[in-house]
Amino acid sequence: MQEVTDQLLEKVAGRFRAMANPVRLKILHELEDGELSVSELLHRIGGSQANISKHLGVLRGVGLVAPRREGPSVYYRISDSAVFAICEAVCDSLHRRASNEVETIEQGREAILAIRG
């Protein structure tokens with residue numbers, strides 16, 4: 001049973017590693033509204049074609065995007081929309097943390113102003 005759990009954890013970690021790159025997150029964000037060619041992604045994100053292709057290969061390797069060839073062009077689409085639920089959960093968590101920090105700062109500022117005033 002331990003081996004199956006380790007295999008599952010390695011797959012989960014692989015997905016997190018694939019998403020743990022700002023360029024890959026930009027690619028996923030650009031593909032959220034539909035499929036795009038590599039050249040369209042290159043135009044929107046910048047960088048080199050080799051770099052974008054490398055990142056697409058990593059995302060494809062963990063099953064987050066899928067390619068489709070049409071003539072000389074390759075188009076990519078999201079193959080697992082759960083990636084957006086993960087991103088939303090992380091963004092919500094960051095927002096809550098930032099809100100708590102702002103609240104703490106505001107309380108401290110009010111206390112300082114009360115002492116002065």
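The values are calculated or read from the model by the stated rules, or taken from the named source; none is laboratory data. Nothing here was measured: the structure is a model prediction, and the numbers come from that model. Glycine also receives a Cβ, built like all others from the backbone with ideal geometry; neighbour counts cover every protein chain displayed.
Looking at Arg17, is it over 16 Å from Arg77 (Cβ atoms), free of Cβ contacts under 8 Å to residues at least 60 places away in the same chain, charged (D, E, K, R) and part of a helix (DSSP H, G or I)? For Arg17, the condition - over 16 Å from Arg77 (Cβ atoms), free of Cβ contacts under 8 Å to residues at least 60 places away in the same chain, charged (D, E, K, R) and part of a helix (DSSP H, G or I) - is met. Can we say Asn100 is loosely packed, with under 14 Cβ neighbours inside 10 Å, of a type in the set (S, T, N, Q) and at pLDDT 95 or above? Taking the combined requirement at face value, the residue does not satisfy it.
In the set (1) touching a strand residue (DSSP E or B) at 6+ places or on another chain (Cβ under 8 Å); (2) at positive phi; (3) small (Gly, Ala, Ser), the condition left unmet by Gly47 is number (1). A Cβ distance below 7 Å, combined with a sequence gap of six or more or placement on separate chains, defines the contacts here; from segment 47-63, residues that are over 23 Å from Leu8 (Cβ atoms) reach no residue that is part of a helix (DSSP H, G or I) and modelled with pLDDT under 95. Screening Leu94 against (1) under 27 Å from Gln7 (Cα atoms); (2) surrounded by fewer than 11 Cβ atoms within 10 Å (Cβ to Cβ); (3) outside the structural domain of Leu8 (by TED's automatic domain parsing) leaves a single unmet condition, (1).
Filtering segment 22-39 to residues that are surrounded by 13 or more Cβ atoms within 10 Å (Cβ to Cβ), more than 14 Å from the chain's Cα centre (by Cα) and under 25 Å from Cys91 (Cβ atoms) leaves Glu35, Leu36. Screening segment 30-46 for residues that are in contact (Cβ under 8 Å) with a residue 12 or more places away in the chain and part of a helix (DSSP H, G or I) and picking the one that is farthest from Ile86 (Cα to Cα) gives Ser39.
Go through segment 69-117 residue by residue and tally those that are outside any helix (DSSP H, G or I) and under 28 Å from Ala13 (Cβ atoms). Write out each step before concluding.
First, pick out the residues of segment 69-117 that are outside any helix (DSSP H, G or I): 69-81, 117.
Next cut, under 28 Å from Ala13 (Cβ atoms) only: 74, 76-81.
Summing the residues that are outside any helix (DSSP H, G or I) and under 28 Å from Ala13 (Cβ atoms) in segment 69-117 gives 7.
Of the listed requirements (1) free of Cβ contacts under 8 Å to residues at least 12 places away in the same chain; (2) surrounded by 14 or more Cβ atoms within 10 Å (Cβ to Cβ), Ala85 misses just one: (2).
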